[in-house]
Each structure stands twice: as C-alpha cells, then as structure tokens.
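What follows draws every value from the coordinates through simple rules; no lab data is involved. A quick note: this is a predicted structure, and the numbers were derived from the prediction, not measured. Here Cβ is always computed from backbone atoms with ideal geometry, including for glycine, and neighbour counts include all displayed protein chains.
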Amino acid sequence: MTVDTPIEWIDTPAGLAAACAALADAEVLALDTEFFRETSFYPVPALVQLSAGERIYLIDPQAVTADTALRALLAGGAPKLIHACSEDLEVLALWAGVEIAPLIDTQVAESLLGESAAIGYRGLVQARCGVDLPKEETRSNWLERPLSAAQLDYAALDVYFLPEIWAQQRQALEAQGRLAWLDEECAALGAGRDVNAGERWYLRQRQLWRLTPRQVEAYRLMTRWREAEVRRRDTPRGWLAKDGLLLAVAEAMPTNRFELAAVDGVTPALVKREGDALLDLVKQAQHADEARLPTPPPVPTAPAFKRRMKALKGVVSERATALGLAPERLSNRAEMETIAAAHLGGLPLPLPGGWRGDCLAAPWRAALDALEGAT
C-alpha cells in the first residue's frame with residue numbers, strides 16, 4: 001500500500017526549518033520514530049516521521065540535528081499524536097532533548113473506549129479505518145541509506161492514519177465523558193523519564209520473596225550497579241548480566257571467585273571481567289546495617305496475601321466490566337501486590353489518585369476492610 005499524501009525527505013537544516021514553518025499552525029501533529037537498539041542501551045534514532053495531514057515529513061536524525069523551531073514544535077503547541085509512545089518519547093528525548101507536549105497516545109485512547117488494553121497500530125488502523133497495513137518492513141534496518149521505496153511508504157503509513165483515528169477517538173471519548181481521563185493518562189506518560197528507575201529496578205524481580213533481607217540487598221546493589229554500568233558503557237543489560245543471573249548470585253552470596261564461578265550461569269569471562277565488582281557488592285550486603293536492609297515482599301502463595309489479592313482483583317474485575325474496559329486499563333498486578341503487601345504489613349495504602357482513584361480507591365478500601373482480622 002502507498003500513501004496518497006506527498007512525502008518529503010528532510011536531511012538538511014534548511015529542509016527542517018521549512019518543515020517546521022509549514023507545521024507551525026497545525027491543529028494536530030502525527031508523530032512516530034524508527035530506531036536501532038540491538039547492540040546498545042540507548043536507542044539510536046534512525047527516522048522521525050511528522051505530519052499534519054497535508055504532507056508527511058521523514059526527518060533523518062543521522063543527518064540533521066533538532067533545531068530550536070522543531071524543539072518548540074515538539075514541546076508545545078498542537079497535540080502530538082503517537083501510538084504506544086514510550087519508546088518514541090525516549091528516542092525524541094535523546095535526539096531533540098525535549099519532553100513531548102501536549103501528548104495524545106492513541107493506544108491509551110483506544111483502551112479507554114473498549115476492552116483492548118494495548119491494541120497495536122496495525123490492529124487499530126484495521127478497526128478504525130478498515131485498512132490492512134503491510135508488515136513486511138517491520139524488521140527493517142532503518143539506519144541504511146538510502147531507504148527503499150517500501151521503507152518510505154511503511155514509515156509514512158505509521159503517521160498517515162493517526163489524525164483520522166484521533167478524530168474518531170476524540171468524538172467517542174467526549175461522548176462518554178472520558179476525555180479528561182485521557183488527558184490525565186497522557187500527561188503522566190509525557191512527564192519525563194524516571195531518573196530513579198535504576199535504583200528501583202530490583203523491585204521488578206518476581207522472585208524476591210525467596211530471598212533473605214541480605215540477599216535482597218545484594219540483588220538490589222547488583223542491579224543498581226548494572227543499571228549504572230549499562231548506561232555508562234551503552235550496552236544492553238543482558239550483555240552485562242541478566243536479571244536471573246544476578247538473582248542466582250544473590251542467592252549464593254559468594255565470598256570469592258571460586259564460589260562465584262560455581263553459580264549456575266556465571267561464565268569464566270564474566271568472572272574475569274566483572275568478578276571483583278560483583279564480589280564487592282555481595283560483601284557490602286553482608287556488612288550492611290541490619291536495620292537498613294530491605295524487606296522481602298510477602299510470599300505470593302501465603303493464604304493471607306492471596307486473600308487480599310483476590311479481593312483487589314475482584315474489585316478491578318467488577319469495575320472494569322461496569323465501565324466496559326479491560327481490567328489491565330484500571331490496574332496491573334504489580335500495583336495490586338504493592339497495596340496487598342502494605343495492607344498485610346499495616347502500612348498506609350498506596351492507592352491511586354485521579355480517575356482511577358475515583359473508580360477504585362473506595363471499593364478497594366472496603367474490600368480490604370472486610371478482611372480485617374484475617375491472617
């Protein structure tokens with residue numbers, strides 16, 4: 001399939017300035033990116049697609065830098081339409097150095113209108129526009145130059161349908177009184193990257209409950225070290241050390257290279273390159289003040305925890321059905337586990353705010369209150 005809108009390749013400062021001038025008064029801007037990330041931690045920007053409907057601009061970030069006019073266009077003015085925006089926001093933050101605003105994520109918008117929590121762009125175009133998009137160029141090398149005609153069409157199609165899709169979604173959201181919900185969700189998405197994500201990476205590990213507090217501390221220190229190192233070296237996490245391997249080291253708590261080498265999955269090359277660093281982190285955990293050690297999460301199979309999770313999930317299921325939404329749109333497992341653990345430990349409940357809080361906070365409290373006295 002080819003688009004019936006002119007496509008303009010931008011690889012010079014003058015071309016970029018002209019494109020920004022043409023888009024300055026747009027009512028909405030459709031936006032997408034292509035990038036390469038197979039061998040690096042940070043995405044390598046390969047293409048930026050931008051359109052207000054009359055013309056599609058394909059900007060080559062390998063040839064031209066983001067200028068003041070483009071940064072102003074991305075950081076303000078017309079709403080930017082992006083589908084499943086998380087990786088695009090990261091790419092644009094690296095290349096243009098701005099947070100995208102105002103932001104409309106069409107995947108989120110669709111999730112607020114039906115039972116699909118994460119519809120893909122191809123499925124959304126099929127559902128909203130009745131067009132079956134090609135998928136042959138999905139795994140293209142977007143860094144090659146020149147791009148083929150098929151690649152150019154594929155890239156253009158990624159923004160071509162967004163204005164039409166958003167027009168339909170906006171009308172439906174307004175009719176259901178949910179436009180403010182979308183504004184809230186997209187504002188949170190566009191609020192910038194979590195600068196402390198590396199510090200909290202260890203909390204993603206679903207097997208933490210198996211560890212002692214010192215083992216949890218060792219895993220926390222190793223993941224924090226790994227997060228800093230992959231950024232410094234610009235290398236994928238798995239190339240340095242996968243989560244499962246660091247968990248195995250934390251369980252073993254080795255005191256020397258021989259014990260480290262005996263851990264399942266640890267290779268001689270890893271011992272040679274990173275052995276001293278890993279052993280030092282384990283040693284820090286062994287000598288950490290006991291009062292400062294992290295508390296492992298509750299055992300997920302414990303009856304008291306399971307009762308709380310069942311109560312929370314029941315509320316989500318009931319509310320999702322009443323609203324015609326996928327349960328995942330209202331809450332995810334990690335959030336419910338955090339609330340269940342807090343209730344089990346007698347701590348303040350980290351309940352959501354905004355529209356999700358309006359839907360869930362009171363019934364969640366009531367459901368948990370009904371369990372008072374359960375063990």
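Return one number: the angle in degrees, 0 to 90 and rounded to the nearest 10, between the long axis of the Cα atoms of helix 213-233 and the longest principal axis of the Cα atoms of the chain. Here the helix axis deviates by roughly 30 degrees. Separation of the range 183-238 and the range 121-160, taken as the distance between their Cα centroids, equals 33 angstrom. Across the range 270-367, Cα-Cα distances exceeding 21 Å account for 49% of all pairs. The long axis of helix 303-323 is offset from the longest Cα principal axis of the chain by roughly 20 degrees.
Taken about its Cα centre, the chain carries a charge dipole of about 1720 debye when Lys and Arg each add +1 at the Cβ and Asp and Glu each add -1 at the Cβ.
Here, the range 202-269 has an Rg and a Dmax of 11.8, 32 Å when only alpha carbons are counted.
Over all directions, the projected convex hull of the C-alpha atoms in the range 171-317 averages 12.8 nm² in area.
The C-alpha atoms of the range 106-175 occupy a region whose extents along the principal axes are 45, 20, 20 Å, arranged from largest to smallest.
Both numbers refer to the Cα atoms of the chain; Rg and Dmax are 24.2, 70 Å. Using 10 Å bins from zero, what percent of all Cα-Cα pairs in the range 1-96 falls into each bin? Once binned at 10 Å, the Cα pair distances of the range 1-96 give 16, 52, 28, 4. The gain in end-to-end length when the E144 to D4 segment is fully stretched comes to 47.9 nm, 0.36 nm per residue minus the alpha carbon separation.
From largest to smallest, the equivalent ellipsoid semi-axes obtained for the range 62-210 from the alpha-carbon gyration tensor read 25, 24, 19 Å. Placing dummy labels 7 Å off each Cα toward the beta-carbon, the span from L323 to D132 is 3.4 nm. With equal scatterers on the alpha carbons only and no solvent term, can you work out the Debye log10 of I(q)/I(0) for the range 178-241 at 0.18 1/Å? Debye intensities relative to I(0), on a log10 scale: -0.76.
When you work out D = kT/(6 pi eta Rh) for the range 52-133 at 4 °C and 1.567 mPa s, using the Kirkwood radius from C-alpha pairs as Rh and the Stokes-Einstein form, the result is 91 µm²/s. Under 18 Å from a point placed 7 Å out from the Cα of D264 along the Cα-to-Cβ direction: which residues of the range 204-218 have their backbone N that close? Under 18 Å, as judged by backbone N against the label point of D264, lie 206-212 of the range 204-218. When DSSP beta bridges are restricted to pairs lying wholly in the chain, around 55% turn out antiparallel. For the residues L74, L208, L347, a GNM of the chain with alpha-carbon springs under 10 Å puts the largest fluctuation on L347.
In the chain, helical runs assigned H by DSSP with n ≥ 4 each contribute -39500 (n - 2.57); averaged across all residues and rounded to the nearest 500, the mean residue ellipticity at 222 nm is -16000 deg cm²/dmol. The value of relative contact order for the range 257-375, using C-alpha pairs under 8 Å at least six residues apart, is 23 percent. Electrostatic tally near A30: other residues with Cβ closer than 9 Å to its Cβ, Lys and Arg +1, Asp and Glu -1, net -1. Here the extension length gained between V299 and N256 equals 12.4 nm, from 0.36 nm per residue of separation less the Cα-Cα distance. Think of the range 249-375 as having a plus end and a minus end, set by charges on the Cβ of Lys, Arg, Asp and Glu; of P298, V271, P254, P298 sits farthest toward the positive end of this dipole. Give me Rg over Rh for the range 242-282, both radii from the alpha carbons and Rh done the Kirkwood way, two decimal places. In the range 242-282, Rg relative to Rh is 0.88. Treating r as the C-beta distance of E87 and K283 and R0 as 41 Å, the FRET efficiency rounds to 0.65. Points 7 angstrom from Cα along the Cβ direction at A172 and A187: gap in nanometres? Calculated label separation equals 2.4 nm. With contacts taken as Cα pairs under 8 Å at a separation of at least 6 residues, the chain carries a relative contact order of 15 percent. Relative contact order of the range 186-253, taken over Cα pairs closer than 8 Å and 6 or more residues apart, is 35 percent.
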